[in-house]
1. Order of 330-336, 233-239 by packing, highest average Cβ count within 10 Å first?
2. Contour minus end-to-end for residue 297 and residue 149, with contour as 0.36 nm per residue of separation and end-to-end as the Cα-Cα distance?
3. Hey, could you grab the Kirkwood Rh for the stretch 282-379? Inverse mean 1/r over distinct alpha carbon pairs, Å, one decimal.
4. Pairs to check: 325/374; 155/219; 82/297; 327/371; 297/325. Give those whose C-alpha atoms are more than 18 Å from each other in this structure.
5. Convert each backbone phi in the stretch 288-293 into a coupling constant with the Karplus relation 6.51 cos²θ - 1.76 cosθ + 1.60 (shift: θ = phi - 60°), then list the ³J(HN,Hα) values in order as whole Hz, x for Gly and Pro.
6. Using a 1.4 Å probe on the protein chains only, how many percent of the accessible area of the stretch 329-481 belongs to carbon and sulfur?
7. Ranking request for peptides 118-126, 397-405: highest mean number of other beta-carbon atoms within 10 Å first, then the rest in descending order.
8. Restricting to bridges with both residues inside the stretch 99-239, how much of the DSSP beta-bridge set is antiparallel, in percent to the nearest 5?
Amino acid sequence: MAPFTCSLTQTWLNKNIQNSPTDSTFNTMSSCIVFIFFSLLLSASAAPIPISLFTTLPHSDQPLQRLTQLASATVARAGHLKNGKNSPPSTTPLFPFNGAYTVSLSFGTPPQSIPMIIDTGSSFSWFPCTKRYVCRNCSSSPISSFLPKQSSSAKFLGCMNPKCGWLHKPFDPNSSCRDCHLSSKANCTQICPPYILLYGLGSTGGIAMVETLTMPHGKIEDFLVGCSLFSSSQPAGVVGFGRGVSSLPSQLGLKKFSYCHVSHKFDNSPKSSFLMMDSDSDSGAKTAELSYTPLLKNPARDDGDSAVADYYYIGLRRIVVGGRKVKVSYRDLNPDSGGNGGTIVDSGSTFVYMNKPVFEAVYGAFSEQVKGYKREAEVEGATGLRPCYDITRHKDLKMPEMELHFKGGAEMVLPLENYFFVVDDGERSVLCLTVVTDDTLLGPDLVGGPSVILGNFLMQNFHVEYDLRNERFGFRQQSCS
């Protein structure tokens, strides 16, 4: 990483950020972050910072537009993922929100409750910060921002703090913390360089800080979190549940976490389930009635600069449509020596993503087996989803059942509403397969990275468990609301 030439100090921040920043202060901070952003782009040795895309799309009263938004967001999310580089169990309410799921976490002293989107595809957590937080291309609904001024435990992360290297990879304090070498390192006030995080459809930028996180079982001090000052298309913060060192599970030392996916028909409603976090489970016992498949290691995971280190890989061995095995090559379902290929579970994706060869095989299976329904070419063209069928005059739907078979023998038999989406505009009802792929309508061809990304729509009304101690992923179908 090229040396940072824009340095900020604790004294400057305490004076200008915590105490209701002025326009001049905010412009100085934003200019500094933008400068660093372009430095990263121009630096040949710069590595992308792994982060997730979350499409916090405004709810639309037009179902076709809503479906198109979710499909486009899933492809953009796939583009990001493919190019990325001890206490008792506690429970937290989990709400469905615009194609994702949110939890409310309490930061600061006294605690401030901030809704954040849970993301198993990234590790760094951040929230909207200060009264002057700016979000462009966001809905007009109120945004909950964290106010450092009102917290006695808020501390901006020092440049020499090892946690600065969790965010900036690779990170060399000798070149990035130049002010610390001009004075005593013990008394250095230079902060960790500001971050700017890019996604397919948005971005956010701000300053890393350490803050107290209050959980039901107690307080966690010096939790690394981002104080974002501006965003684009990203009104809500993100809590990273990936496999990286900066993730919430890593910082809390969790042995497992689990939650139930509430149906998306309850999006943006009070309906919720619970996120359960366990840091005391030393047992190898399996949770009752859960089917398990091993969590796998990507061959490129040991490369600390690669985003695949954050992902939860599982072994998808077989896709079955209507009782028939879909012919998919071994190469697509298993990561190669460079880390490309394989299947990940991602709470931040809405629909399922499949690369072209896998998608064409699945699409062909449905096209061949579904009879008696008119294809809706207009809806397919508008949404980028296919196949879509007109079901307006059909009372009893007969669609092929879809099953996913995983390493170790676990099988996920999917209900129809988990892989088909019904669009009803009052005049007609259309049913579309909720699987996206590389497409000129939704985006350019995507190369590298996972071949299959299992989004949260697929797992509605499934309880899922990430058993980190025993390196396995468990699931069972149940009502989550």
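1. Working: 330-336: 16.3, 233-239: 25.0.
Packing order, densest peptide first, comes out as 233-239, 330-336.
2. On the way: separation 148, 0.36 × 148 = 53.28 nm, distance 4.21 nm.
Here the answer is 49.1 nm.
3. Numbers: mean 1/r = 0.0616 Å⁻¹.
That comes to 16.2 Å for the stretch 282-379.
4. On the way: 325/374 25 Å; 155/219 16 Å; 82/297 16 Å; 327/371 21 Å; 297/325 26 Å.
Correct reply: 325/374; 327/371; 297/325.
5. Running phi through 6.51 cos²θ - 1.76 cosθ + 1.60 with θ = phi - 60° gives 4, 6, 8, 8, 10, 9 Hz.
6. Working: 2930 of 6200 Å².
Answer for the stretch 329-481 is 47 percent, counting heavy atoms of protein chains only.
7. Details: 118-126: 27.6, 397-405: 17.1.
Ranked from most to least packed, the peptides come out as 118-126, 397-405.
8. Working: 28 of 38 bridges.
About 75 percent, rounded to the nearest 5.
The values are calculated or read from the model by the stated rules, or taken from the named source; none is laboratory data. Note that the structure is predicted; figures quoted are calculated from it, not measured. All Cβ positions, even for glycine, are placed from backbone atoms using ideal geometry, and neighbour counts span all protein chains on display. Calculation scope for accessible area: heavy atoms of the full protein, side chains included, ligands and nucleic acids excluded. Shrake-Rupley method; radii C 1.70, N 1.55, O 1.52, S 1.80 Å.
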